[in-house]
Structure formats: structure tokens, C-alpha cells
Amino acid sequence: MSQLQPPIQLQELAEPLLNGQEMQFWLDKAVAWGTVDSPNTQKDICMHLSALKDFLQQLLTHINKVSYSTTDTMKRLPFLGQFLGRLCWNPYVTADATSRRLLFHCLWGLYSEHPDNAVERKANQWIRKVFCQLATEEDNPTAQVFMKHMDVQPKEYHCKVLTKMVAELQEKLAKSCKSVGDFNQRCSCDNILVTSEACVPLVTCPEAAPLIGALVKQPVTCARAELSENFLNALCSALTSQRLSLEDQAVVSLWYQSLPCLEEATLSLLECALTNTRSTPHKLKQQVTQSLLPKACAQHCSIFLVVYDIFRSILKQADVNECVKYLIQTFTSCFLSERALLQHQTSVSLKALFPLSPQSLLAPLLTLPSEMPETAWRHHLNWVTGSLQRMTEEEEEGDGDCSRSTRGHCTVFEAWFLLVGCAHWVQVAAQLLVTSGPEDSGPLLWLLTFYHHPTNRGHHRAQRLVHAKVALDHLQSLFSASAGPLPVHQLQSLVALVSQPQQQPTPPAPLLSLNLLVNFAVFCQQSLSGSTEIVQTVVEGSGLVDEAACVLSSLELRLNGGSCLSCHANTVQLRIKALQNTLTHMHAASSPTEKQQANTHTHSTLPHTLMHITTPH
């Protein structure tokens, strides 16, 4: 069908609906109009256009009424492909909206939803080519002459052709059923599959955006109301390359129907967030929100499970990377906010959203600190810590073998994964340690140590707790000191604890100590000038200016959510701003070369890691 052949004689037809002589007449006309480009040709087309439209209407009625397959139709009407093809490539004919609509519907009637043989597959390919030709510009001399005669610019002409074509598709789509009781009953939802296939060449055309959006948002309430795989793949490719712009809800619907597209969007967010070394928690939150993934996850449990599987995979490979933790924490926070907005519309349980997490920890960790009295925080965290301690003890007894104990290492990892997403409670624990005495600091310090070192590799958990306790003692001593020179030996010891370890079998968790340092500077009773001096000395000595700024910014985000004593809110905000200014000046004064080397060392393996992430299908 892709090549036009010389006219052939028509075979006798059994159907009385069409007249053989009339069909031969119009075939002859189509051939004549395509071989002679002259004013007489145009005049002849105009003279016969009305009658041609009547014949096309008869032909369309015949195609729709006779329930033959495309193969049988082509055998009974062997002239059909040649006839329609010549008319579709004739700009004098397609310039008429009614003729173009009738041609389009005739071709649509020949499209095979499920091609059974080479003839039908070739016919589908040819039909798609015709649709594409109607929607794009071509260097067609005949078309150029016609457009010049009509005083119409090529771009304007093709735009109008495309607009009309899209309108016809939308009209057809609107007739599709919304629900069908009997799934075996044939219904107009077949239009959805056929329409989506016809739109494959149109996915990057702005004029087709409304139709494409309507297609992907069409509720799948019927077994036949599915979108073409070619269409979904084309949309995914166009969206990834930013050659397609869809409204937010259409993007969410696309992710719901296309797993590869959802995975691509999630990996794109991961790569973008993890390779942007200067991204602050505020910017990261904005980036995650703009990705639409939290909103999509709140609407569809299946989307959330896929996205979290990807996060789970990368966390297993990069469990010590703070950027990964920040991203998961930020995403979880945005997801919970979106879910709260839809709470009255969804009945999906937490167990369905987090099927692998220890069920006893779901509600306690997913509850926000602002949702309970501050006086209950310490008791709440002591209970969480006790639960986690029991899980780790069971893991050590079973040597972390998931096959020997269903509550072994797998459970501990899933508990830690949940804690990473709900790291607001880790921040609360660090805040409470500022005012904790020796008798009640143990559970909170254990929780912070578990967050930074969830596994007990080399059985070093006890040593790490000792390092954390030493850091806490130094901080309590420094921030409780009266006016006067700061103890130099304690400052030096704290710098050593916060500095990145070089060759130590049991690293002292520098970011844990840094987290405690920032919280002491914000919440302690030490003067602001004294707190600033301590922070500046320790951070400058350790070289962790950016990391300290990140911890401070993350703390500010949590406090803006209401997790702070109202009577101390203004004081805390003033201290945060002052410390941020200090760190900003320190950052500006630091060497660009050193910063660049540090970033290269920290993030050089991230893109490689992302390339190896797979999710269970």
C-alpha cells in the first residue's frame, strides 16, 4: 500500500452498498488528479469535490458496516489503498475540511487493532505514515503551488490540517465508554487504542498536547481501554528529552501506565539531586516537589512502591552517603504532605505503602513531631529506640541471615530505611540531647549512632557509641562554660572527632558529632557569640563548612514545620540566621580548589551507581 500502482479494474462486489462503476470512476479521477498539475486539474477537483465527499461518506459507511478484517476488506476492495493514498497526498483535496475528515475516518476504519499478518502490519504502518504526512510540513511541489495560489503559508496550512485532525481524534475519543459491565462486550473503547497509535507521530506537536493529555488521563475502566505501547514509549522518550510538555495530572497518569517512564523520572531525580553538590535542603525540597513524584505517589500506591524500591536499591549501595539520606528524607516529607492533602480521598493503609517495614514502627515514625506534644517526645523516642535495639539484637543472634530469621538483618535494614525517611525524629533526638543529663541520654545517643551506622560491621557498635559519648561530653562542657577563654584541649579533641577519619578501624561518625554541634549551638543557653566561636573553630578545623550549613538548613526546615517551643521560637530563629551568616562567610573565604577536590572525591561515583539500579518488575 505504500507505493501507488497503476489503476486496476474493479472486481464484482457482493455488497449492494457500493456501485462498481462509480468506484472505478473515482479511482480514475484520483489517478488523473495526481498526474497532471495544472489549473484545469484544480478546476476539475473543485467541480467534483461535492460529489467526491458524498462517495467518501458511502465508502466510510461501507467500511463501518461490513465487519471484515482489514485483510478481507483489501481483498474485496483492492483499489482502496491506492485510492485513499492518492487523495490524502493531494493538497487540493485535503484542503477541504470535510474531505479530510472523511479520508481520515476511512483510514481509521482500516486500521487493525491487533494485526494478524504482514498485510495488516504493513497497512498500519502506511496509515501512520499518512497521519504523519497530514501533520507535518513536506517539500511537496504540488502542495507549494496550491498554498501559493491560496495565499496561505505552509506552516499555517499544516497547522490548520493538524488542528483539524486533532479535533477529529478528540471527537472520536469523547464517544468512548466510561464503564462497561461485561468485559467481553465490544465497546467504543477500541477507539482509545487506535487513537493512541495514530498519535505516535504527533507526540512532540504542541497542537496535539490536549489530545495526548486526554488520552493518558482516560480512566481505564474497560479491558479494551488500553493505550498503545508504541504511544507510551514515544511519550516517555519525548518527555525525557524535554520535547513534550504535559499538564501535571497527565504526567502522573503517564507514570501510572508506563513503568519505564516512571523509572526514568525517578532515576533522573536521583541523578540530578545527587550530582548537584551545592544543593541546599531548601533547594532539594523544591526540586523534589517540582518533580511531581511525591504527588504521584500520594495518588497511586503502585507508583509509590516503585519509587521506594529504587530508593531502597540505591541506599543499599550507598548507605554512608549523606546526600542519599537527605534525598530520601526530603522525598518522604513531601510525600506525607501530599498524602495529607488527599487523606479524605484515599483509603490506602500505611501497611500497603510500607509492606516490608516493621509494622510496629510505621505509625510512630511516620507521625510528625509537630503532631504530638513536645513533652511526649522523649518518651516516644525511648520507645522507638527500644524497638530498634531488640531488632538489632535478634539480627546479631541470627548473624544477619534472612533465610534463618524473618526478623533478622532484612528487618533491621527495613527499619533503618524507614528511619532514614523519617529522619525528623533523629533531628529531635539530637535536639533533646542538648538538655539531657547522663541518666537519660543513652537511648537518644544510641538512636543517632544507629542512624549513622545501622550495621554492626566488625562488631564496632560499642566503640562508635563510645566515640559519640565522648563528643557529647565535650559539647556539654564547652557550651556550659562561663565567659572566658574556651578550653583549647576540648576544642582540639572535638575537631578531631568531627574531622573526616583517615585510617581508623572504627570511624567516630564525624557527621553525628557535627549534627550534635549544630544542635548545641542552636538550642543551648550559651551566648550567641560563644556558640558562634565554637562552631567556627570546630568547622574550620575539620573543613566541613558545607556539611555544617546543610545540617543547619535541614534543622531550619524542620523547625519551620512547627517543631519548636513557641516561647523559644524567635530566639532559635535568630541564632540560626546568625550561624548561617557565619558559615556563609567561611564558605566564601575557603579555597575553590579545595572545595572542588572535596566534591570530586565525594560524588564522583554517584552516576555510576545510578546506572546499576534495577527494580523488581
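The values are calculated or read from the model by the stated rules, or taken from the named source; none is laboratory data. Computed from a prediction, not measured in an experiment: that's the story for all the values here. With ideal geometry, Cβ positions are generated from the backbone for all residues, glycine too; neighbour counts draw on all protein chains shown. All accessible areas refer to the heavy atoms of the entire protein, side chains included, with ligands and DNA or RNA removed. Shrake-Rupley method; radii C 1.70, N 1.55, O 1.52, S 1.80 Å.
Figures for the structure shown
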quantity: Stretchable slack from ASN560 to SER237, in nm (0.36 nm times residue separation minus alpha-carbon distance); calculated: 112.4 nm
quantity: Accessible-area composition of region 300-370, carbon plus sulfur, in percent [1.4 Å probe]; calculated: 59
quantity: Pairs beyond 23 Å (Cα-Cα), from LYS285/LYS325; LYS285/LYS469; LYS65/LYS217; calculated: LYS285/LYS469; LYS65/LYS217
quantity: Note, ³J(HN,Hα) from phi for region 117-125, Karplus 6.51, -1.76, 1.60, rounded to Hz, x at Gly and Pro; calculated: 8, 5, 4, 5, 5, 5, 5, 4, 4
quantity: Label-to-label distance, nm, for residues given as LEU259 and GLN125 (7 Å Cα→Cβ offset); calculated: 2.9
quantity: Region 511-581: Cα Rg divided by the 2.2 N^0.38 Å rule of thumb; calculated: 1.03
quantity: In Å², nearest 10: area of THR73 left accessible to a 1.4 Å probe; calculated: 20
quantity: Efficiency of FRET from Cβ geometry, ASN64 and ALA340, R₀ 35 Å, rounded to 0.05; calculated: 0.10
quantity: Where the Cα pairs of region 265-398 fall when distances are cut into 5 Å bins, in %; calculated: 2, 9, 16, 19, 21, 16, 12, 5, 1
quantity: Solvent-accessible surface (1.4 angstrom probe) belonging to ASP546, in square angstrom, nearest 10; calculated: 50
quantity: ³J(HN,Hα), Karplus 6.51/-1.76/1.60, whole Hz, each residue of region 297-306, x for Gly, Pro; calculated: 5, 5, 7, 10, 4, 5, 5, 4, 5, 5
quantity: Extension gain from GLU396 to THR204, taking 0.36 nm per residue of separation minus the Cα-Cα distance; calculated: 63.5 nm
quantity: Unit charges on C-beta of K, R, D, E only; dipole of region 275-350, Debye; calculated: 160
